[in-house]
Every structure is written in C-alpha cells, then in structure tokens.
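Input: a single structure, listed below in structure tokens.
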Amino acid sequence: MIFGFLGQIFTGSAKIRAVKNINYAGNTDEAYSLNIYHKKGNLSNQDVIVFIHGGSWNSGKKETYWWLGRNLAKNNIVTAVINYPLAPKVTYKEMAMASAQAVKWVKDNIAAYGGNPNRIFLMGHSAGGHLCELINADPQYFKAFGLSNPVKGVILNDAFGLDMDEYLTKAKKDTAYNDFLRTFTKEQKMWQAGSPLFYSGNVSNAHLIFYGNKTHEAIKLQSERFYKILKAQNTPSTLQVIDKKKHVAMISHMIFGCNKMYKYITKFLSNTN
C-alpha cells in the first residue's frame, strides 16, 4: 500500500517545478535560503504559502520538506519552504527577523513564479509555528524591513512555544529545557517578548490551527487558549484536532498527498477573503 502512495507522490511531481537555493537576504549563507514549488505552465495569481520548518529552533532544513512543497503546489498553491539561522548561533529574535525577511522576498518576487503577492499565508510546524505567529503578531519584525504585515492568514500545525514564558516557568528542567534556554536566554523578560500569545491583540488575519490529540500537553493547552482568544476578539479562526496523531506525525504524515489536512488547508485558503 505504501508504495502506491509514494507512486502517487512521484507521478504528481512531474507536473511541479522546484526552484532551489534562492538566497533571500542578499548573502551567500545557506541559512538564508528558500526553495519554491509551483505548477508548470503559465499560471498566475495563485495563493502562496511560506512554510517555516520545526526542529526545536536548533535543527531542521528546507530540503526535508520537498514533498510538502510539491503536495501544496499540486493543489495550486505556490509554496516557499525556507531555511533560517538556528540556535546556538542565534536566538529566536534573529530567527524571526530572518523569517520576516524571507516573507518580504516572497512578497517582492513571487509573482514571477505564478503567485499572488497579495495572498501570502504562513504555515509552520512546531517551532516553525511559533516563528510564523511571532512575526505575524509582533509588528517589529516586518517593520524592520519597511513592510506592513503582508500575511493574509496563518496555518499553525502543532505549534510549540506560543507561550514560552508559561512553558519555561512550569516545565521540567531537563535537557530539552536547557536547549530552549539557548534560544530564549535565561532572562524571563525575553521569554515573554518571544511569546506570540503576548501579542494576540494585534492579530486580525484568519487562522487555521491544528494539533494532534496525542501531542504534547503544552501544545494542546496553548493552541486551545490561542484559538479562544482569537474567537473572543472576532478574528476568523478554525481549530482542527487531528485524531491519533503525535507531534512529529502531524507533519510527517503529510508526505501523502491524500492526507486530509490538505483539504482543510485548501478550504481555509478559499474561504479567506
């Protein structure tokens, strides 16, 4: 059965063009690069997704998610999968700045790949979800590049770290906890500054929030809380709990183009004006 699914993936890939290793910061650092996936042909004004990968802010790379780019492109979504600098070389703030800069590049250039620069959506898994929401909610990041928030909507896939202040205050101080301190520092004021939930009052664009019903409790609690906050302030929001899925499987299972999450995503995009 699995070979049949993979056959579908590779057959569909023949209709998709991948443009790789575009530097979005005007330097030669691979950490500031992205890959674009789009359907072949003279298409234009398609919806755009900028995908930010997870990996606890200290690992991960855009190449891993080639299948996500191709699956989204098959659904007529021009997709940019980005790299960004990682801990311990940088903190969350430099990661967020890089992510915002990638979005600016997409805004300025995506029309050449068939995308609509006025229909840019952010999508991120785990730590990538945190970065998506941080640059969306805290205006300093786009402002640093002379840009008003260009994001039409946000898709959070099992986002981790929506409230890092809460997590770092209450979580068990294990190896992972110490790794997170490299990203968010040991200063509690930085934990709040790097937590998207503290800026939720700035959020007015549409949201699609996923989490797996077997994921980490912190993700469940904070995703639910963020959703309730958005609904209370009349921000268009949808919450989808995915049955039988743990944290990593929430993204890895999307390798299959038939995964129902793609239907939720395409519906979300079509319903967002």
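The values are calculated or read from the model by the stated rules, or taken from the named source; none is laboratory data. Treat the numbers as computed from the prediction; the structure is a model and nothing was measured. Every residue, glycine among them, receives a Cβ derived from its backbone with ideal geometry; neighbour counts consider all protein chains shown.
If you go through the stretch 166-178 and keep only what is in a helix (DSSP H, G or I) and either surrounded by fewer than 16 Cβ atoms within 10 Å (Cβ to Cβ) or of a type in the set (Phe, Trp, Tyr) (or both), you end up with Tyr167, Thr169, Lys170, Thr175, Ala176, Tyr177, Asn178.
Can you tell me which residues in the stretch 206-231 are surrounded by 18 or more Cβ atoms within 10 Å (Cβ to Cβ) and of a type in the set (S, T, N, Q)? Hits for the stretch 206-231 are Thr215, Gln222, Ser223.
Of the residues making up the stretch 242-260, those that are within 16 Å of the chain's Cα centre (by Cα) and assigned to a loop (DSSP other than H, G, I, E, B) are His247, Val248. Residues that are among the small types (Gly, Ala, Ser) and within 18 Å of Ala25 (Cβ to Cβ) within the stretch 88-111 comprise Ala96, Ala98, Ser99, Ala100, Ala102, listed in sequence order.
Answer yes or no as to whether Thr185 is surrounded by fewer than 19 Cβ atoms within 10 Å (Cβ to Cβ), in contact with a strand residue (DSSP E or B) (Cβ under 8 Å, 6 or more places away or on another chain) and closer than 21 Å to Leu134 by Cα.
It is false that Thr185 is surrounded by fewer than 19 Cβ atoms within 10 Å (Cβ to Cβ), in contact with a strand residue (DSSP E or B) (Cβ under 8 Å, 6 or more places away or on another chain) and closer than 21 Å to Leu134 by Cα.
Would the stretch 201-212 turn up any residue that is in contact with a His (Cβ under 6 Å, 6 or more places away or on another chain) and of a type in the set (A, V, I, L, M, F, W, C)? Steps first, answer last, please.
Filtering the stretch 201-212 down to residues in contact with a His (Cβ under 6 Å, 6 or more places away or on another chain) leaves none.
Looking for residues that are in contact with a His (Cβ under 6 Å, 6 or more places away or on another chain) and of a type in the set (A, V, I, L, M, F, W, C), one finds none in the stretch 201-212, hence no.
I'd like to know if the stretch 223-232 contains one or more residues that are part of a strand (DSSP E or B), at pLDDT 95 or above and either in contact with an Asp or Glu (Cβ under 9 Å, 6 or more places away or on another chain) or basic (Lys, Arg) (or both). Within the stretch 223-232, not a single residue is part of a strand (DSSP E or B), at pLDDT 95 or above and either in contact with an Asp or Glu (Cβ under 9 Å, 6 or more places away or on another chain) or basic (Lys, Arg) (or both). Is there a residue in the stretch 151-159 that is touching a helix residue (DSSP H, G or I) at 6+ places or on another chain (Cβ under 9 Å), in a loop (DSSP other than H, G, I, E, B) and under 24 Å from His216 (Cβ atoms)? Checking the stretch 151-159: at least one residue is touching a helix residue (DSSP H, G or I) at 6+ places or on another chain (Cβ under 9 Å), in a loop (DSSP other than H, G, I, E, B) and under 24 Å from His216 (Cβ atoms). Picking from residues in the stretch 66-83 that are in contact with a strand residue (DSSP E or B) (Cβ under 7 Å, 6 or more places away or on another chain) and not in a helix (DSSP H, G or I), the one that is surrounded by the fewest Cβ atoms within 10 Å (Cβ to Cβ) is Asn76. Among the conditions (1) closer than 25 Å to Thr266 by Cβ; (2) touching a residue at least 60 places away in the same chain (Cβ under 8 Å), Gly69 misses just one, which is (2). From the list Ile120, Ile135, the one residue that fits, being on the phi < 0 side of the Ramachandran plot, surrounded by 22 or more Cβ atoms within 10 Å (Cβ to Cβ) and free of Cβ contacts under 8 Å to residues at least 60 places away in the same chain, is Ile135. From the list Gly41, Gly12, the one residue that fits, being loosely packed, with under 13 Cβ neighbours inside 10 Å, under 25 Å from Ala111 (Cα atoms) and modelled with pLDDT under 95, is Gly41.
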